[in-house]
1. Which value results when the Cα radius of gyration for segment A:154-199 is divided by 2.2 N^0.38 Å?
2. What is the average number of partner chain Cβ atoms found within 10 Å of a Cβ in B:22-30?
3. Take the Cα pairs of segment A:252-291, get the Kirkwood Rh, then feed it into Stokes-Einstein at 37 °C and 0.692 mPa s and tell me D in µm²/s.
4. Determine the shielding of peptide B:88-96 by partner chains: average, over its residues, the number of Cβ atoms on other chains within 10 angstrom of each Cβ.
5. Taking the beta-carbon count within 10 Å as an exposure proxy, list B:T78, B:T17 from fewest neighbours to most.
6. For every other residue with a beta carbon closer than 12 angstrom to the beta carbon of A:M276, add +1 if it is Lys or Arg and -1 if Asp or Glu, then tell me the sum.
7. Of all beta bridges DSSP finds with both residues in the protein assembly as shown, what is the antiparallel percent, to the nearest 5?
8. Averaged over B:52-63, how many beta carbons belonging to a partner chain fall within 10 Å of each residue's beta carbon?
Amino acid sequence: MGCDIEKMKQITHDLAVVAVSKHFGADGSRALADLISIVTKLYRNIDPERLKAPLPVFVVPIGGGDVSAIVGTAKFTMATDLITHELDEGCILGVTQGGKVSVFDAAGVDRELLSKQAIVYVFDLDKEYFLVDGMPYSVANPTDQASPYATPTYSSLTNALQRFAKRKVAHTSCYILEGCWADDKRLFLKPGPESTMRRSLEQYLRDVFPDAEVRPEQNVDESHPVDIKITWGDTLKRALIEIKWLGKSRTSESKITVDHTAQRARDGAKQLADYMDADLKAAPGVRSVGYLVVFDARRRKLSEATTSLAPVEAFYYRDREIDYSPDYAATRTDFHPPIRMFAEPLSP
Amino acid sequence: MQHNPEAVSDVLAIMRTNKDLAQTTTRVTVQRIAYLSCLLALYDGQPTAEWGYKFSRTEIGTPFSADINDAIDVLIRTGTLSVGREVRGAKELLLVNEGGLLVALIGGLERLKARAKYLSAACNGGVIASPTTLGQGLDNEPTVRRALKREAGGSLLEGPALQLLYEQFAAINEAVGGGKEDLITPSVVWLSYMAGRSPTHREMERA
């Protein structure tokens, strides 16, 4: 497979750094990194979701002009990590030479004009972008936070999986997972949704754990059930995630192809336990923990001809946990309690 | 045991630059930045054989350099680096002192001065692209992808897949234009291309 030139051109067209480089030269790119590092520091003390007013932050690259005619006189200057409530009222921040920030009154500041001589970052409710030479460039946000520069509020894999269940699976709030469903009401899955589910979870975990290696397993068969492997390079610690889905899959001709019940989850637990035994023998120096993730799309009284269900049937399994016997999580230290993620149908 | 001076110097440079950029740095980060630096040297027309240490696919990580890993260990043992809190599952590395004596001893070596621009560009590019895009982009580097498909480990930046990397670099050079003074911009473009990201990615996610 060769290089996709058109895709490359599109990316080049959309990226703020390219515009910065063209407008300000090599010093501009470095200034952009400095600007992002200042925003990162700000967000250690400030949750962008709680900002009451837009937050513009600017940096003048080396060789840039005097912007005092545009922003006026600074109200004060302080270290970035000390700024907290000072941002409650509308203001605009300027990055100083020493890495501090000067705080200016935002009223009357023409940001587009400012962006002719400075790189301007703006966080405005649900919009986040850079202004360069009068043009906006969106900030790509692959994370679950309001800004990719904000510090995530959770750190454990368990926490991340629970958040994935709540934020992405429960209401299918992920464009990747949307492709799993065979119908608009989310009663049936498409045949073979496993790879889509894996891709969605893999992408999410990559965003949550940028300092880890998150990879799909290359060998996926009955003897290698693990779907995703997470490795943290500094420790010999590893998470092995096995994904199982429950529910019914249906073709576009309305033929049910598979009906997975709770037994599939129990079978998956055994598979994973067996794999953990084999993995321990193969790599005794590595501490692996197995996670069984169950995408639960079960509905009650679902037949091939079903086009809608009463809520009591559609949501029947929402709060019904699966009993596992044997309970590997209770008897093994390398087996995490299975995590069930109920994917809700659309309310009729 | 002989320690690789390029690797030690590179780890120090990465830690110092990332500290200035307020970035959390872990072992994985250092390995990735070192690898990206090597790619930028390749982009700039330098042969990989002269980089000073190799990268491969291992069970501990990919890309992985044993020399970089050893350099981190020796800098921790000598008190230049320390291991901090756990961040997102990984232990943060901290620069305890600026490595003054070490920098004085090895920083003066001419062959080490030339690589500073690649390391700086990789650190800055990693910040602009984001840690997620850095990891995902490097995972899709052609020789990494080829190595990951194998059951056993393998060296990176060699073999037929390298040709595709050269093609990508040529395309970036044409798309970005200009000279090679600015290595940050091509690094971000390449990472974004390889990670498959675009600024409209967020618009594709439902609120």
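Just so you know, all these numbers are worked out from the coordinates, no wet-lab data involved. As the structure is a computational prediction, the values presented were derived from the model and not from experiment. For neighbour counting, all protein chains shown are included, and Cβ atoms are generated from backbone atoms with ideal geometry for every residue, glycine included.
1. After normalising by residue count via 2.2 N^0.38 Å, the value is 1.25.
2. If you average over the peptide's residues, the count of other-chain Cβ atoms is 5.
3. For these conditions, the coefficient is 263 µm²/s.
4. 5
5. Exposure proxy ranking, most exposed first: B:T78, B:T17.
6. 0
7. Roughly 70 percent of the DSSP beta bridges within the protein assembly as shown come out antiparallel.
8. For this peptide, the per-residue mean of nearby foreign Cβ atoms is 2.
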